[in-house]
Amino acid sequence: MITRLPGSIPTRSRGVICDNLVFTVAVAPDKVPSFYQQTRQALAAIDASLAEAGIDKSRILTAIVYIADMAQKPEMNRAWDEWVDRANPPMRACLGVALEGNDLVEIVVTAAK
Amino acid sequence: MITRLPGSIPTRSRGVICDNLVFTVAVAPDKVPSFYQQTRQALAAIDASLAEAGIDKSRILTAIVYIADMAQKPEMNRAWDEWVDRANPPMRACLGVALEGNDLVEIVVTAAK
Amino acid sequence: MITRLPGSIPTRSRGVICDNLVFTVAVAPDKVPSFYQQTRQALAAIDASLAEAGIDKSRILTAIVYIADMAQKPEMNRAWDEWVDRANPPMRACLGVALEGNDLVEIVVTAAK
């Protein structure tokens, strides 16, 4: 059974639930010029999608965090460390890549129901 | 039960099927200098691997699209939007990275049997 | 049932086991200036995490290999080809990205118990 969470663009889903696995992606809705603020926003969007799937961040298995400037990783980390469930930390990788427009952070999560 | 789809290089598989999950990767076989054409080719290769696994694009859960030039994302999107199953859109992320040689697009897909 | 393998940083796990899936990430512990050596080290760290999960490299489904310089991909490949289980090659993608500090290679693996 596959359930798809619609996003803002009809050719993509914001999240997908398949059996006990949940996949979701987020960027910051507001393109403020701060890695810390964009990470906070993206993580809040992840929280919202997980809630729609009936779970929360304690069930995240992996997070791949893409950032537009590796020099700003400490600012991303600051938001991550404030947000993360320290009893249930995900496996995480952080990569510096090119993102679209004024996106500074994009986060892809795999979680379990 | 793990089934592996052999690729052109013996130390890697083109796809792997494990229980009800299917993982596959594709680049364009012909390195034409067009993001649109390479995306079309890579998506056709994804279709072929999914068919070998006994499924089709309606079963794709996630797609991570790596492109060699973020400025060309609209050309990748054009091919994606023509190809995607709009009744079953995958979760998707698109990242600008360095790819090998004349590869312009590389796509990694997770799908469900 | 989710089991987490603690890493060196409390807000992230080195690996996560959920039902029959195992997710793990590794970089080289020693930041030697060699893509070959760092890849060998990262792959050895993957081996160690898989062993903790009760499996070995024959059970790897996918590997995403992030490298800090695409021109050095042959050196990463050399280490990969020496290490891989040729009877059970993973699906693999290799992307050139920015990594932190003196990391040259980072590897994210999905495997099956």
Counting only other residues whose beta carbon sits under 9 Å from that of C:R14, what net charge do I get with K and R as +1, D and E as -1?
+1
Could you run the Karplus curve 6.51 cos²θ - 1.76 cosθ + 1.60 with θ = phi - 60° over the stretch A:32-39 and give me ³J(HN,Hα) per residue in whole Hz, x for Gly and Pro?
5, x, 9, 4, 5, 5, 5, 5
What size of dipole, in debye to the nearest 20, comes out for the protein assembly as shown about its Cα centre when the only charges are +1 on Lys and Arg C-beta atoms and -1 on Asp and Glu C-beta atoms?
540 debye
Among A:K57/C:K113; C:K31/C:K73; A:K57/B:K73; A:K31/C:K73; B:K31/B:K73; B:K31/B:K57, which pairs are too far apart, with a Cα-Cα distance over 26 Å?
A:K57/B:K73; A:K31/C:K73
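Order these peptides, B:98-107, B:78-87, A:44-53, by their mean beta-carbon neighbour count within 10 angstrom, highest first.
On the way: B:98-107: 19.9, B:78-87: 15.0, A:44-53: 17.4.
Listed from highest to lowest mean packing, they are B:98-107, A:44-53, B:78-87.
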Residue-by-residue Karplus 3J(HN,Hα) for the stretch B:15-26, coefficients 6.51, -1.76, 1.60, Hz, glycine and proline x:
x, 9, 10, 9, 6, 9, 9, 10, 10, 8, 9, 8
Report the charge-dipole magnitude of the stretch B:45-113 in Debye, nearest 20, computed about the Cα centre from +1 at each Lys and Arg Cβ and -1 at each Asp and Glu Cβ.
340 debye
Please state the relative contact order of chain A as a whole percent: Cα pairs under 8 Å, 6+ residues apart?
34 percent
Go ahead and estimate [θ] at 222 nm for the protein assembly as shown from helices alone: -39,500 (n - 2.57) per DSSP H run with n ≥ 4, summed, over the residue count, rounded to 500.
-8500 deg cm²/dmol
For a quick check, take a GNM of chain B with Cα springs below 10 Å and name the residue from B:R92, B:R59, B:R14 with the largest mean-square fluctuation.
B:R92
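For the protein assembly as shown, what mean projected area does the convex hull of the alpha carbons give, in nm²?
Working: hull surface 59.5 nm².
Computed as one quarter of the Cα hull surface, the answer is 14.9 nm².
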Could you tell me the distance between the Cα centroids of the stretch A:62-97 and the stretch C:79-98, to the nearest Å?
25 Å
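Percent antiparallel among DSSP beta bridges with both residues in the stretch C:2-112, to the nearest 5?
Numbers: 23 of 29 bridges.
For the stretch C:2-112, the DSSP antiparallel bridge percentage is about 80.
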Descending semi-axes in whole angstrom, ellipsoid equivalent of the stretch C:2-112, from the Cα gyration tensor
22, 17, 11
So how tilted is helix B:73-83 from the main axis of chain B? Cα-based, degrees 0 to 90, rounded to 10.
40 degrees
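No lab work stands behind these numbers, since they all come straight from the coordinates. Since the model is a prediction, treat every value here as computed from it, not as a measurement. Note that we place each Cβ from the backbone using ideal geometry, even for glycine, and neighbour counts take in every protein chain shown.
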